[in-house]
Amino acid sequence: MEKVPYTLGGVVDELLKSYEQYPAICKIGVNSQPNRDTIIEILKKLQIVMFPGYFGATKPKEDTIAYYIGSVLEEVNYHLRKQIGKALQHSGLDETAARGRAATLTEQFMRRLPRVREYLDTDVEAAFDGDPAAYSMDEIILCYPGLYAIMVSRIAHELFVLDVPLIPRIMTEYAHTITGVDIHPGATIGKYFFIDHGTGIVIGETTRIGDHVKIYQGVTLGAMSTKGGQSLNHAKRHPTVENDVTIYSGASILGGATVIGEGVVVGSNAFITQSIPSKTKVSIKNPELQMKSNGKNEPEKREFEQEEFWDYQI
């Protein structure tokens, strides 16, 4: 077979053919879809509003703070309204109805920003109180990926409960990309929430988390096997975590009927698919190490020592 010489135009021609062959992954000539880059810029503006003086090129002063925040919010209001309008059109509304609905939803969202900031203040406090490695609240706000993921989640959740399509998920998946923390915008999270380290955490859509909850890296609050697919939409598939719960690294807690009671401590690597009563400590059975001792070929078995007896073992 004769080899076709490479030309850039030839590649373009082949790609154009592929666009016709695989139209499901093309959006050509469509103006009714939110712009991901614009939504990320909206998040950056909202981060400035949530933590004034910490982010952005401008450092506001007391006598100009009202003008500064007002100008930032004016940009947010304008761009968010347009993006919500596009998202509503994408979900099936006609352009006129989408514009009107977008204006209403944007106003409702903007009114909720002071409440979001109230919750974030408790999250920063929880991180500072819960992490002796944190030397200041400034360090937490500027450095901690867990706090950033929580901030984005709280913003996205307000849009989610207003039934804004697509945009909340774009926001939380952006945070997932840069932090390794995957929080669905549908998850309901109480005050004083602390994510320590953050990497590899998954919190599913119908999860409910109370106040003063602390979770470590690698924790999954997920669903059982979802063979039902789309038929399970809106069903309670993820666990409920009540107040004052600590969940250590690598634990998996699954199922919509699973309730982790108030004051429970879940040990590392636990796999839980049933409810746990309040004031309980949960651990897996002590593992064993196998080691060669003193050059001998026979393996020596040793159990890990445990400082205290945990009430519930799995």
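The values are calculated or read from the model by the stated rules, or taken from the named source; none is laboratory data. None of these values were measured; they are calculated from a predicted model. Quick reminder, even Gly has a Cβ in these numbers, built from the backbone with ideal geometry, and neighbours come from all protein chains shown. Quick note on the areas: whole protein, heavy atoms, side chains included, nothing else; ligands and nucleic acids left out. Shrake-Rupley method; radii C 1.70, N 1.55, O 1.52, S 1.80 Å.
Points worth noting:
- Where Ala235 falls short, out of the listed (1) within 19 Å of the chain's Cα centre (by Cα); (2) open to solvent by 30 Å² or more (accessible area, probe 1.4 Å); (3) modelled with pLDDT under 95; (4) not basic (Lys, Arg): (1)
- Pairs where the first residue, in the range 85-114, is more than 17 Å from Glu75 (Cα to Cα) and the second is surrounded by fewer than 14 Cβ atoms within 10 Å (Cβ to Cβ) and charged (D, E, K, R), C-beta under 7 Å, 6+ apart: Gln89/Glu95
- In the range 205-226, the residues that are open to solvent by 10 Å² or more (accessible area, probe 1.4 Å), under 17 Å from His157 (Cα atoms) and not in a strand (DSSP E or B): Glu205, Thr206, Gly210, Asp211
- Some residue of the range 95-111 being part of a loop (DSSP other than H, G, I, E, B) and not β-branched (Val, Ile, Thr): no
- Restricting the range 69-125 to residues that are among the hydroxyl-bearing types (Ser, Thr, Tyr) and either open to solvent by less than 80 Å² (accessible area, probe 1.4 Å) or touching a strand residue (DSSP E or B) at 6+ places or on another chain (Cβ under 9 Å) (or both), the residue that is modelled with the lowest pLDDT: Ser91
- Residue tally, condition open to solvent by less than 100 Å² (accessible area, probe 1.4 Å), over 30 Å from Gly85 (Cα atoms) and hydrophobic (A, V, I, L, M, F, W, C), over the range 1-33: 3
- Checking Leu166, Leu147, Leu162 one by one, the residue that is open to solvent by less than 40 Å² (accessible area, probe 1.4 Å), under 26 Å from Gln33 (Cα atoms) and among the hydrophobic types (A, V, I, L, M, F, W, C) is Leu162 and no other.
- Residues in the range 34-58 that are open to solvent by less than 100 Å² (accessible area, probe 1.4 Å), over 21 Å from Leu120 (Cβ atoms) and of a type in the set (A, V, I, L, M, F, W, C): none.
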